[in-house]
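**Q** One structure follows; several queries about it will come next.
Derivation of every value follows stated rules applied to the coordinates shown; laboratory data play no part. All values reported here derive from a predicted model rather than from experimental measurement. Backbone-built Cβ (ideal geometry, glycine too); neighbour counts: all protein chains shown.
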Amino acid sequence: MIALVDGNNFFVSCERVFDPSLNGKPVAVLSNNDGCCISRSNEFKSLGIAMGTPYFQLQDKIEKYGLVLRSSNYELYGDLSRRIISILHNFSPDVEQYSIDEAFIRFQTSGNKNTAGNVLSYYLELGQKIRSTVLQWVGIPCGIGFAPSKTLAKIANHIGKKLPGGVFVMPEDPGEILEKLPVEEVWGVGRRLAPKLIRCRIRTAWDLANAEESFLREKFNITLAKTARELRGEDLFRDEESNILSQSITCSRSFGEVVTTLEELSQAVCSYAATGAMKLRKEQQTATGVNIYFQYYPEYSPYTLPGGCTATTIIFPRPTCHTTEILSAITPKLKGIFVPFRRYKKAGITYFGLESYQNKQGDLFTDREQEKRNENLSAALDLINKKFGKKTLFHLSEGIKNSWQMKRNMLTKHYTTSWDELMEVK
């Protein structure tokens with residue numbers, strides 16, 4: 001049996017943990033640079049304001065409806081997410097985090113019965129216990145769905161979140177439920193693939209579950225064929241894919257304000273490169289090279305798309321994951337793609353040619369002592385930042401003031417990740 005645990009309106013719920021006055025109010029969390037709604041409370045949804053609504057369209061509604069808006073506090077959300085995952089490990093050793101607010105838990109069905117001997121009742125009670133524990137220990141309300149496969153667990157979770165108890169166990173015969181579920185709402189189908197399925201007279205999840213596997217493989221792909229089998233209760237989407245190393249690593253951001261100088265662009269790129277290098281080391285990989293780009297506004301109107309982009313590709317002297325080596329290689333090249341008087345809105349980096357650090361190709365002319373120093377420096381850098389918080393220690397080329405960072409004018413405190421912003425109890 002598989003359970004999907006999903007935090008309700010997760011970002012908003014995280015904000016409410018440390019500000020109970022937000023309970024019962026229409027609250028929304030905004031995207032990067034306070035662009036648009038990406039998480040909404042039930043009260044906010046009841047006003048008919050859609051997901052993705054831009055902030056500027058909400059300004060005349062703030063006072064009218066008493067809207068409360070918050071900037072994305074990713075540090076806080078990530079920390080509370082880690083706390084929830086640690087709680088879930090108390091119920092099963094097999095926990096797979098799917099996203100910041102979702103996780104799959106696998107349970108062995110053998111012998112799992114309550115005193116009445118009912119397996120479904122056992123999982124209903126277990127789900128309620130998990131939900132109450134997360135709510136008590138972290139303060140986040142969750143919806144939980146149990147089913148024999150991930151795809152069915154997604155559907156069960158969707159149903160459970162609408163129930164008073166927040167938990168739903170998929171019955172042994174889910175036919176009645178699948179017959180009422182539009183095919184576009186099946187996990188992995190989406191609204192692009194749905195019209196093609198409908199043209200093939202596959203309109204519901206039940207239709208998809210009973211479609212011929214050979215037809216789905218030939219007409220669509222093997223993943224959709226697996227989805228159909230999952231709807232029939234087969235557990236096919238295991239988590240082996242989560243152990244596969246990244247083929248490339250990208251880090252990019254839109255700027256909080258227009259950037260016009262090479263110095264600011266260089267700081268942003270170096271900061272993104274350092275973040276990407278940390279991910280490389282976490283996966284114990286090295287990169288052969290990096291693609292770097294600057295994206296700018298059109299000459300006359302800052303809001304007209306698509307604008308333009310300048311880019312360059314840099315091959316490192318040898319595959320590396322050490323920030324110092326990477327910054328030394330890319331910094332001299334940035335001037336070549338910078339054009340004065342342009343107004344830049346975004347920059348990014350992509351590492352490519354990734355390979356295992358342990359099995360990387362050797363270099364006859366490598367300075368072994370210098371390489372060892374870089375390893376020690378990177379290890380110390382990662383250890384300090386893990387213990388005391390991101391960017392506690394960083395390279396000077398990443399900049400100090402960072403006026404280019406994304407705009408978060410309605411940001412709450414980092415209650416659990418910064419010593420200076422801990423809650424004060426009076």
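**Q** Suppose every K and R has +1 on its Cβ and every D and E has -1 on its Cβ; what is the size of the dipole of the stretch 176-240 about the Cα centre, in Debye to the nearest 20?
**A** Rounded to the nearest 20 debye, it is 440 debye.
**Q** Now a separate question. Counting each DSSP H run of 4 or more residues in the chain as -39500 (n - 2.57), what helix-only mean residue ellipticity at 222 nm follows after dividing by all residues, to the nearest 500 deg cm²/dmol?
**A** -10500 deg cm²/dmol
**Q** Just check the stretch 249-398 against the gyration tensor rule for me: Cα atoms, a ≥ b ≥ c as the square roots of the eigenvalues, rounded for a/c under 1.5, and otherwise prolate or oblate depending on whether a/b exceeds b/c.
**A** prolate
**Q** With the contact rule set at Cα under 8 Å and sequence spacing of 6 or more, what percent relative contact order holds for the stretch 119-169?
**A** The normalised contact order for the stretch 119-169 reaches 35 percent.
**Q** Given an 8 Å cut-off on Cα distances and at least 6 residues of separation, report the relative contact order of the stretch 1-169 as a percent.
**A** 29
**Q** Another question about this same structure. With the contact rule set at Cα under 8 Å and sequence spacing of 6 or more, what percent relative contact order holds for the chain?
**A** 16
**Q** For the stretch 176-240, just run the numbers: alpha carbon Rg, then divide by 2.2 N^0.38 Å, N being how many residues it has.
**A** 1.01
**Q** Using +1 at the Cβ of each Lys and Arg and -1 at the Cβ of each Asp and Glu in the chain, identify which of M410, I384, N42 lies farthest towards the dipole's positive end.
**A** Of M410, I384, N42, it is M410.
**Q** Further question on the same structure: What does the C-alpha gyration tensor say about the overall shape of the stretch 1-153? Classify as rounded when a/c is under 1.5, otherwise prolate if a/b is larger than b/c, or oblate.
**A** Prolate, since a/c reaches 1.5 and a/b exceeds b/c.
**Q** Summing +1 for each Lys or Arg and -1 for each Asp or Glu, what net charge is found among the other residues whose Cβ lies under 12 Å from the Cβ of G160?
**A** Summing Lys and Arg as +1 and Asp and Glu as -1 gives +3.
**Q** Checking the table K282/K345; K386/K413; K25/K390 against a 22 Å threshold on Cα-Cα, which pairs fail?
**A** K282/K345; K25/K390
**Q** If you rank W419, W137, W187 by fewest surrounding Cβ atoms within 10 Å, what's the result?
**A** W419, W137, W187
**Q** To continue, here is another question. Quick one: order R373, R70 by neighbouring beta-carbon count within 10 Å, fewest to most.
**A** Fewest-to-most Cβ neighbours within 10 Å comes out as R373, R70.
**Q** Now, a different point. Against the longest principal axis of the chain, how steep is helix 368-388, in degrees 0 to 90 to the nearest 10, with axes from Cα atoms?
**A** 50
**Q** If you take the charge dipole of the stretch 176-240 about its Cα centre, with +1 on Lys and Arg Cβ and -1 on Asp and Glu Cβ, which of L178, L193, N210 is farthest toward its positive end?
**A** L193
**Q** Rounded, prolate or oblate for the chain? Axes are the square roots of the Cα gyration tensor eigenvalues, ordered a ≥ b ≥ c, and the cut-off for rounded is a/c under 1.5.
**A** The shape class here is prolate.
**Q** With axes computed from alpha carbons, what is the tilt in degrees of helix 222-231 against the longest principal axis of the chain, rounded to the nearest 10 within 0 to 90?
**A** 40
**Q** For K407, which aspartates and glutamates qualify as cross-link partners when the Cα separation must be under 12 Å and same-chain residues fewer than eight apart are set aside?
**A** D34, E257
**Q** Could I ask something else about it? Could you calculate the contour length gain from Y74 to E172, that is, 0.36 nm times the residue separation minus the distance between their Cα atoms, to one decimal place in nm?
**A** Extra length available between Y74 and E172 comes to 31.4 nm.
**Q** Taking the highest mean first, how do the peptides 40-53, 21-34 order by number of other beta carbon atoms within 10 angstrom per residue?
**A** Ranked from most to least packed, the peptides come out as 21-34, 40-53.
**Q** Order of E325, E283 from fewest to most other C-beta atoms within 10 Å?
**A** Taking fewest neighbouring Cβ atoms as first place, the list is E283, E325.
**Q** Pick out, in residue order, every one of the chymotrypsin sites (Phe, Trp or Tyr not before Pro) in the stretch 304-352 that is DSSP loop and has at most 13 other C-beta atoms within 10 Å; say none if there are none.
**A** Of the chymotrypsin sites (Phe, Trp or Tyr not before Pro), the ones in loops of the stretch 304-352 whose Cβ has at most 13 other Cβ atoms within 10 Å are F341.
**Q** Could you please state, rounded to a whole Å, how far the C-alpha centre of the stretch 369-397 is from the C-alpha centre of the stretch 309-357?
**A** Cα centroid to Cα centroid, the span is 20 Å.
**Q** Starting from the Cα of Q247, step 7 Å along the direction of its Cβ; do the same at S328; then give the gap between the two resulting points in nm.
**A** With each label point 7 Å from Cα toward Cβ, the separation is 3.2 nm.
**Q** Related question: Taking a cut-off of 23 Å between Cα atoms, list the lysines near K226, but don't count ones fewer than 8 places away on the same chain.
**A** K150, K154, K180, K196
**Q** If you don't mind, another one. Helix 150-160 sits at what angle to the longest principal axis of the chain, using alpha carbons and giving 0 to 90 degrees rounded to 10?
**A** Relative to the chain, helix 150-160 is tipped by roughly 70 degrees.
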